[in-house]
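The values are calculated or read from the model by the stated rules, or taken from the named source; none is laboratory data. This one's a predicted model, so the numbers in the text were calculated from it and none came from an experiment. Quick reminder, even Gly has a Cβ in these numbers, built from the backbone with ideal geometry, and neighbours come from all protein chains shown. Heads up: the accessible areas ignore ligands, DNA and RNA and are worked out on the full protein's heavy atoms, side chains in. Shrake-Rupley method; radii C 1.70, N 1.55, O 1.52, S 1.80 Å.
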Amino acid sequence: MAATVHAQQPPAAQVQKSEPALAPPGAQAAPPAAAPSWQQGRSAAQDKSTLHPIAPILTGRPASELPIDKLKVPAGFKVEVWADGIPEARSLALGDKGTVFVSNRNLSDVYAVVDRNGKREVKKVLSGLNSPNGVAFSKGTLFVGERNRITRYDGIEDHLDNPPAAKVVVDNLDPEKQAGHFWKYLALGPDGKLYYNVGAPGNIVMPAYYQATVNRVDPATGKVETVAHGVRNSVGMAFDPKTKDLWFTNHGRDWVDDDTPNDTLHHLTRKGMNFGYPYCHQGDVADPEFGKSRSCADFDKPALKLGGHVAPLGMKFYTGTMFPAEYRDNMFIALHGSWNRSNKQGYSVVRVVQDGKGGVKMVPFLEGFLEDPKADPPMWGRPVDVLVLRDGSMLVSDDYNGVVYRVSYAK
């Protein structure tokens, strides 16, 4: 069912136009503005490229405007709109009492979706935050990962109309106000620690020691440890319910070619693994610039190549019982979809199956968002994160439309 929206959205900003100021006689012209970080790394032959990132519809779209009938899932499954009216719906977290928390990246809010008297309601519970992309929930506490810090909101499910004040878990995570990949993803580990990413500050650059990493912080003490290096931008992490190992997605660099490098899935088997950025990509492709000084043999390999520029984001292991038995403990990954590719791909949810011998394979699951691979934009929706509900169904967020879908199964 479509949700009832209780928070009013601000009107679109008004753009003021004026005549440019005239420089005084003899003054030197100001240097040209720096190119945006997503253009960094283009070759001279790519300078005229029209490829560009795809912005979400920040006001969202109602479910009634979406071609839901185009979505395809395996036989026996059903997909429907679970909630709309959540502008730029990004990461998902499930509260102890069934509240679903939904984050933003470009905006500044966190929403709560609740069932009250048989009706689903969307409530804006936090606002004025700094790119609060990451959310995780444990033992009554909502953790929020902003670009510069991680905070906690204790007992928030009992106070959705008047949330408690934020308590800082760790701060100063973006000391240089980096231009690229500053948003955080959160995952709670079996050790009780919060795992999060610090992305590379640009497309292909030499990162500082704390960038291009996966880290963890103890919420009780604020102590931070780096668990993986050479990770360009991971915006999805989950722990295997059997082995307790961390798996995470990663975005390869842009501006090499349509198919290189692949975006990747990684399996962390020991603390301190290094997956190669900026020297090596996808485990076996030396970077055209930085790769001259290092060998790909020096670095750890990805568990799976997911495809060129498919933009894997959120992921979860399926721990429910609604889906058929063969889906149990599979990984589900939201592919946000490519922009740095002449023929776009991704824009789907895939499942990754382990064979018990260390091998993994990728299988399509939810498709139909991609309409024309050469169009601009090529799709009508973009998956971001997945979440398993207590009844065994699965939610999928879509930041392009501000919508959350539900996938269920009936025998």
Original post:
Looking at this structure, is I86 touching a strand residue (DSSP E or B) at 6+ places or on another chain (Cβ under 7 Å), closer than 27 Å to V125 by Cα and of a type in the set (A, V, I, L, M, F, W, C)?
Top reply: yes
Subject >> Residue that is farthest from F77 (Cα to Cα) [pool: residues in region 310-319 that are open to solvent by less than 10 Å² (accessible area, probe 1.4 Å) and not hydrophobic (A, V, I, L, M, F, W, C)] >> reply: P312
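Does D329 satisfy being within 29 Å of T50 (Cβ to Cβ) and either at pLDDT below 95 or out of contact with any helix residue (DSSP H, G or I) (no Cβ under 8 Å at 6 or more places or on another chain) (or both)?
No.
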Original post:
Taking G346 and the conditions (1) free of Cβ contacts under 8 Å to residues at least 40 places away in the same chain; (2) on the phi < 0 side of the Ramachandran plot; (3) buried (at least 18 other Cβ atoms within 10 Å of the Cβ); (4) not hydroxyl-bearing (S, T, Y), which numbered condition does it fall short on, given that it satisfies the others?
Top reply: (2)
Subject >> Qualifying position, being assigned to a strand (DSSP E or B), open to solvent by 20 Å² or more (accessible area, probe 1.4 Å) and either in contact with a strand residue (DSSP E or B) (Cβ under 8 Å, 6 or more places away or on another chain) or within 25 Å of D257 (Cα to Cα) (or both), among V363, V384, V352 >> reply: V363
Original post:
Looking at (1) small (G, A, S); (2) in a strand (DSSP E or B); (3) in contact with a Pro (Cβ under 9 Å, 6 or more places away or on another chain), which is the one condition that is false for S338?
Top reply: (2)
**OP:** Enumerate the pairs (first residue in region 165-184 and in contact (Cβ under 8 Å) with a residue 60 or more places away in the chain; second residue anywhere and outside any loop (DSSP other than H, G, I, E, B) and of a type in the set (A, V, I, L, M, F, W, C)) with beta-carbon separation below 8 Å, excluding pairs fewer than 6 apart on the same chain, so at least 6 apart or on different chains.
**Re:** G180/W38
**OP:** Looking only at region 305-340, count how many residues are farther than 23 Å from T243 by Cβ and more than 13 Å from the chain's Cα centre (by Cα).
**Re:** 7
**OP:** Could you run through region 130-140 and say how many residues are of a type outside the set (A, V, I, L, M, F, W, C) and surrounded by 20 or more Cβ atoms within 10 Å (Cβ to Cβ)?
**Re:** 4
Original post:
For region 29-59, what are the residues that are in a helix (DSSP H, G or I) and loosely packed, with under 11 Cβ neighbours inside 10 Å?
Top reply: A44, A45
Original post:
Looking at region 60-86, which of its residues are part of a loop (DSSP other than H, G, I, E, B) and surrounded by fewer than 13 Cβ atoms within 10 Å (Cβ to Cβ)?
Top reply: P67, A75, G76
Original post:
Quick one: how many residues across region 58-80 are in contact with a Phe, Trp or Tyr (Cβ under 6 Å, 6 or more places away or on another chain) and among the aliphatic types (A, V, I, L, M)?
Top reply: 1
Original post:
Among (1) touching a helix residue (DSSP H, G or I) at 6+ places or on another chain (Cβ under 8 Å); (2) of a type outside the set (D, E); (3) part of a loop (DSSP other than H, G, I, E, B); (4) under 27 Å from T213 (Cβ atoms), which single condition is P163 missing?
Top reply: (4)
**OP:** Enumerate the pairs (first residue in region 101-113 and open to solvent by 10 Å² or more (accessible area, probe 1.4 Å); second residue anywhere and in a strand (DSSP E or B)) with beta-carbon separation below 6 Å, excluding pairs fewer than 6 apart on the same chain, so at least 6 apart or on different chains.
**Re:** D109/K124
**OP:** Scan region 177-205 residue by residue and report those that are under 24 Å from T221 (Cα atoms) and surrounded by fewer than 22 Cβ atoms within 10 Å (Cβ to Cβ).
**Re:** L188, G189, P190, D191, G192, K193
Subject >> Scope region 218-241; condition among the polar types (S, T, N, Q) and either surrounded by 20 or more Cβ atoms within 10 Å (Cβ to Cβ) or within 14 Å of the chain's Cα centre (by Cα) (or both); matching residues >> reply: N233, S234
